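Before any comments, here is the structure.
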Amino acid sequence: MNSKQLRSAVEAMMSEVREDLERLVKIPSVSLPGFPPEPLREMSAAVVELMKTVGIGNARLQEVADGYPTVYGEVPGPTGAPTVLLYAHYDVQPPGPEEDWESPPFEPSVRKGRLYGRGAADDKSGVVMHAAVMRVFGGKPPVTVKLVIEGEEETASHLDDYVLENPEPFQADVIVVGDVGNWKVGEPTLTTTLRGLAVCTVEVKTLRGAVHSGMFGGPAPDALMVLIRLLAGLLDEKGNPAVKGIASQPWVGLDYPEDVYRETCGVLPGVPLIGDGSISDRLWAKPSVTVIGLDAPAVEGAANALIPEARAVISMRVPPGQDSERARALLAAHLRAYAPWGVEVKVSEGQAGPAFAAKTDGPGYAAAKRAMHEVYGKESVLMGQGGSIPLISNLAAIAPRAEIVLWGAEDTAAAIHSPDESVDLAELERCILAEALLLQYLADDGA
């Protein structure tokens, strides 16, 4: 099919795509511990049904012990055609307090061209994008298609290890991850890097128990004050990470505008940004350090007492090109070395997720850029993602010759993981067309 035919076909099916997305958004498929498993089961069955409807007749569930199934399917293309693996996930984050939403999180609502609901963007838009592309080709794509729709991306994923243990089913010439988006609606963007993750928990104990701050305060080190001093030393005077030994380099690609960053991040007026370098450098090419959890007495009902113990969880994002396990060890060493006043602290090393940098000089990326240009009428820009996706690095490890393309309909206004998550329906249409063109161009070029 040529680009004009594909464009017409995508435009004609958008009412069906919207219906598919609304049907999926209504299912509260939260995968985090503590949430009921039944919606995940309903959701996985709904995805299988959808994929069979669009022509993947062998769409099926792969069960995992103590987890939620992955949806798999394959459709062979013409002899000699390249193989493309399409990935998305059907599980979602918790919605949070319903009163924070303008409309209920699992009752899809359209306002000003955006469809609102938990998972509307992350990542049920990716699920329906892949389904729509198959529907465009009538279930007979011009390339061999492998489909992988995960049910545990937002929680402890079994698929990450399964890929390493069973590499053969995931071999492909091009792997398309439909779980990111353009930096702004209407601005074609390819995500080429992901920062890694290194986590440590630090624990401070200084007293056998709480004691009166008036009677004993002064000589005895308060555990929370020790922890505060230690955590403050994770950043230098300008707000850059102070952990030594982690290299970074300037970002080459999109120059992320500061005003867009402030708006989408929700930085309050008058609050300065911290650190050195461009916004893009600080987001995608340099490490960052965040305290993501703190055990300390609550302000409400606080007692006048020295605190005997306190602990915190520190999350460090690791730039591409750096080993995340080494970065975690450096973070742990920093915490042990800079504890104030000679107080000993206990550091436990937690999760370490690898960073990722895509190969962008092959025929798959050339076809992706060409598809973006055809749809948007302008050249695509390259962007990083501050978050880590361990599965992507695992796919790169087991399929080293594959090109990995990350794109989708999750623009920066989508508010993923936040109240009033949404997807721009016109942007979703453009993404579907771009992916359909990608498959056609790969077939035409024999990539």
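The values are calculated or read from the model by the stated rules, or taken from the named source; none is laboratory data. Quick caveat, the model's predicted, so the values are computed rather than measured. Note: ideal-geometry Cβ built from the backbone for every residue, glycine included; neighbour counts use all protein chains shown.
So which residues in the range 36-95 are under 22 Å from the mean Cα position of the chain (by Cα), assigned to a helix (DSSP H, G or I) and not small (Gly, Ala, Ser), if there are any at all? Passing the criteria: Pro39, Leu40, Met43, Val47.
What's the number of the only condition in (1) in contact with a strand residue (DSSP E or B) (Cβ under 6 Å, 6 or more places away or on another chain); (2) within 23 Å of Gly181 (Cα to Cα); (3) hydrophobic (A, V, I, L, M, F, W, C) that Val25 fails to meet? Against the list (1) in contact with a strand residue (DSSP E or B) (Cβ under 6 Å, 6 or more places away or on another chain); (2) within 23 Å of Gly181 (Cα to Cα); (3) hydrophobic (A, V, I, L, M, F, W, C), Val25 comes up short only on (1).
Specify which of the listed residues (Val136, Val204) is among the hydrophobic types (A, V, I, L, M, F, W, C) and assigned by TED's automatic domain parsing to the domain that holds Asn304. Please lay out each step first, then the result.
Working: Val136 fails: assigned by TED's automatic domain parsing to the domain that holds Asn304.
Answer to the selection: Val204.
Flag set for Ala396, criterion: in a helix (DSSP H, G or I) and not assigned by TED's automatic domain parsing to the domain that holds Lys244.
Given the structure, is Arg229 charged (D, E, K, R) and over 28 Å from Ala358 (Cβ atoms)?
Numbers: charged (D, E, K, R): yes; over 28 Å from Ala358 (Cβ atoms): yes.
It is true that Arg229 is charged (D, E, K, R) and over 28 Å from Ala358 (Cβ atoms).
Let's see how each residue does on (1) within 30 Å of Gly386 (Cβ to Cβ); (2) touching a residue at least 60 places away in the same chain (Cβ under 8 Å); (3) of a type in the set (Asp, Glu):
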{"residue": "Val211", "(1), (2), (3)": "no, yes, no"}
{"residue": "Gly233", "(1), (2), (3)": "yes, yes, no"}
{"residue": "Gly239", "(1), (2), (3)": "yes, no, no"}
{"residue": "Ile246", "(1), (2), (3)": "yes, yes, no"}
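Looking only at residues in the range 405-432 that are of a type in the set (A, V, I, L, M) and surrounded by fewer than 24 Cβ atoms within 10 Å (Cβ to Cβ), the one that is farthest from Pro363 (Cα to Cα) is Ala415. The set of residues from the range 124-144 being more than 19 Å from Pro39 (Cβ to Cβ) and under 23 Å from the mean Cα position of the chain (by Cα) comprises Met129, His130, Ala131, Ala132, Val133.
Pick from Ser44, Ser15, Ser3: which is surrounded by 12 or more Cβ atoms within 10 Å (Cβ to Cβ) and either modelled with pLDDT of 95 or more or of a type in the set (Phe, Trp, Tyr) (or both)? It would help to see each step written out before you state the result.
Working: Ser15 fails: surrounded by 12 or more Cβ atoms within 10 Å (Cβ to Cβ); Ser3 fails: either modelled with pLDDT of 95 or more or of a type in the set (Phe, Trp, Tyr) (or both).
When all the criteria are applied, what remains is Ser44.
Name the residue, out of Ala337, Ala399, Ala357, that is over 15 Å from the mean Cα position of the chain (by Cα) and either touching a residue at least 12 places away in the same chain (Cβ under 8 Å) or closer than 20 Å to Thr191 by Cα (or both). Lay out the reasoning, then the answer.
Numbers: Ala337 fails: either touching a residue at least 12 places away in the same chain (Cβ under 8 Å) or closer than 20 Å to Thr191 by Cα (or both); Ala357 fails: over 15 Å from the mean Cα position of the chain (by Cα).
From the options Ala337, Ala399, Ala357, the qualifying one is Ala399.
This table checks each residue for (1) in contact with a Lys or Arg (Cβ under 6 Å, 6 or more places away or on another chain); (2) closer than 20 Å to Leu86 by Cα.
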| residue | (1), (2) |
| --- | --- |
| Ser8 | no, no |
| Glu22 | no, no |
| Lys26 | no, no |
| Ser29 | no, no |
| Arg41 | no, no |
| Ala45 | no, yes |
| Val48 | no, yes |
| Val54 | yes, yes |
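Just one of the listed residues (Ala232, Ala247) is more than 30 Å from Leu382 (Cβ to Cβ), of a type in the set (A, V, I, L, M, F, W, C) and out of contact with any Lys or Arg (no Cβ under 7 Å at 6 or more places or on another chain), and it is Ala232. For Met383, the criteria (1) buried (at least 22 other Cβ atoms within 10 Å of the Cβ); (2) farther than 18 Å from Gln171 by Cα; (3) in contact with a helix residue (DSSP H, G or I) (Cβ under 7 Å, 6 or more places away or on another chain) hold in every case but one, which is (3). Are any of the residues in the range 330-337 surrounded by fewer than 19 Cβ atoms within 10 Å (Cβ to Cβ) and basic (Lys, Arg)? Yes - at least one qualifying residue is present in the range 330-337.
In the range 232-282, of all residues being among the acidic types (Asp, Glu) and over 18 Å from Glu187 (Cβ atoms), the one that is nearest to the chain's Cα centre (by Cα) corresponds to Asp281.
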